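Read through the structure below, which is laid out as C-alpha cells, and then see the notes.
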Amino acid sequence: MLSSRLPIADYHVHSDFSIDAVGSVDEFCESALKKGLVEICFTTHYDTNPAAPYDDSRIRIDGKIIPLSVEAMGRYVEAIADAHEKYYSQGLVVKCGIEVGYYPGCEEHISKLFSIYSFDYKLAAIHELDGVCLCCQNRFENCFSRYTIEKMADDYFQLIIGAVQSRLFDSIAHVDVYKKYGLKYYGDSILTIHRGRIEPVFSAMAENRVGMEINTSSLRRGHTEYYPSMEIINLARSFGVQISGIGSDAHHPDEVAYDFDTAAAIAYELFPYCDE
Ligand SMILES: [Zn+2]
Ligand SMILES: [Zn+2]
C-alpha cells in the first residue's frame, strides 16, 4: 500500500494483451486497488514497423497471439471499457491508453487507428533504431554495434522529434531508455550523451504540447534513476515540458505502482500543476 495521501495513478502498464506481459486486466486492476491507486491506464504495445526484421507486431487476444491490426485493437478497447464499468464503483478509474512504437512513416496508419478508437492516453515510444530493438535483451547488441554512441543518440533523438512533430501523441515514453542496456554497452558516457542533443527535443515537445512520463521501470533493471534521470527531468522542466504522468511500465500485476511513493513525490514537487 502506498503511503502517500496524494491521489496516485499509474499511467503505463501492460496486461497480457501485450505479448511480453503476464496477467489479465482484472489482475492488474485488483493489484492497483490493493496498492491504493485511484486510477490505472493500460498502454498496450502497438509496434508495427514493417522494416523490423523481428515480429513484435502481435497482440494476445483471449490467450491467442495474432497479428496486430486496427481491427485487433477492438477487443482490447472493449475489455478496458468493461473493466472501467466493473471497478469504477470500487474507486478505481480504468483508462484505455496505447504505447505506439514510433517509426517514420507510421503516421497514416496511426492516424487511422486513432480515428477509429478514442484512446485516453497516447504514448509514443522509440523502441527501435533502423528496425532493430534498442531496449530488448537479446537484440540491443545487434542494434548498438551499428552505431557510435553519438550517432545512436543523434538518431534516437531525431526519432523522438519525428514523433512529437506528428502531433499524434500526448506524451513520450521513457525518454532516455537507450540507457537500459546502453550503460552496459557504452559505459558511463551514456548518462551524459543527452547534453547538447536533447534540448531541441524539449523545444519541440514544449511547442507541440507533448508531455513526458516519469517511468520507474529502470529501477527494476538495476539503474539508480528513473527514465529519465533527474538531470533530464529538470532540463525538461526548464523548457516548459510537462510531466504527463507516472508509469511503472508494469508487465506483471505485482509491478503496478513500482516505487511510486518516491516518484509521485518528485512529480508533485517539481510539477505541482501536473494533475491539472
Ligand atoms: Zn516502451
Ligand atoms: Zn511500456
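The values are calculated or read from the model by the stated rules, or taken from the named source; none is laboratory data. Just so it is clear, the structure is predicted and the values come from calculations on it, not from any experiment. Positions of Cβ are generated from backbone atoms using ideal geometry, with glycine treated the same way; all protein chains shown enter the neighbour counts. Note: accessible area is taken over every heavy atom of the protein model, side chains too, but ligands, DNA and RNA are not part of it. Shrake-Rupley method; radii C 1.70, N 1.55, O 1.52, S 1.80 Å.
A compact table of results
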item	result
Pairs, first closer than 16 Å to Gly105 by Cβ in the range 153-166, second surrounded by 21 or more Cβ atoms within 10 Å (Cβ to Cβ) and among the aromatic types (Phe, Trp, Tyr), C-beta under 7 Å, six or more apart	Leu159/Tyr102; Gly162/Tyr102; Ala163/Tyr102; Ala163/Phe169
Failed item, numbered, when Cys136 is tested on (1) out of contact with any strand residue (DSSP E or B) (no Cβ under 8 Å at 6 or more places or on another chain); (2) within 15 Å of ligand 1 (Cβ to nearest atom); (3) open to solvent by less than 10 Å² (accessible area, probe 1.4 Å); (4) not small (Gly, Ala, Ser)	(3)
The listed residue being open to solvent by 10 Å² or more (accessible area, probe 1.4 Å), under 24 Å from Asn49 (Cβ atoms), of a type in the set (Lys, Arg) and in contact with a helix residue (DSSP H, G or I) (Cβ under 9 Å, 6 or more places away or on another chain), out of Arg237, Arg195, Arg167, Arg221	Arg221
Some residue of the range 135-148 being within 16 Å of Asp47 (Cα to Cα) and under 18 Å from the mean Cα position of the chain (by Cα)	yes
Which listed residue is at pLDDT 95 or above, within 24 Å of Tyr268 (Cα to Cα) and touching a helix residue (DSSP H, G or I) at 6+ places or on another chain (Cβ under 7 Å), from Cys41, Cys96	Cys96
Unmet criterion (only one of (1) without any contact (Cβ under 8 Å) to a residue 40 or more places away in the chain; (2) open to solvent by less than 80 Å² (accessible area, probe 1.4 Å); (3) over 17 Å from Ser217 (Cβ atoms)) for Ala51	(1)
When residues of the range 11-29 are limited to those that are open to solvent by 20 Å² or more (accessible area, probe 1.4 Å) and part of a helix (DSSP H, G or I), the one farthest from ligand 2 (Cβ to nearest atom)	Asp26
Leading residue by the ranking (farthest from ligand 1 (Cβ to nearest atom)) among those in the range 240-250 that are over 13 Å from His174 (Cβ atoms) and open to solvent by 20 Å² or more (accessible area, probe 1.4 Å)	Gly240
Residue among Ile65, Ile80, Ile40 that alone is within 16 Å of ligand 2 (Cβ to nearest atom) and either in a strand (DSSP E or B) or closer than 30 Å to Arg146 by Cα (or both)	Ile40
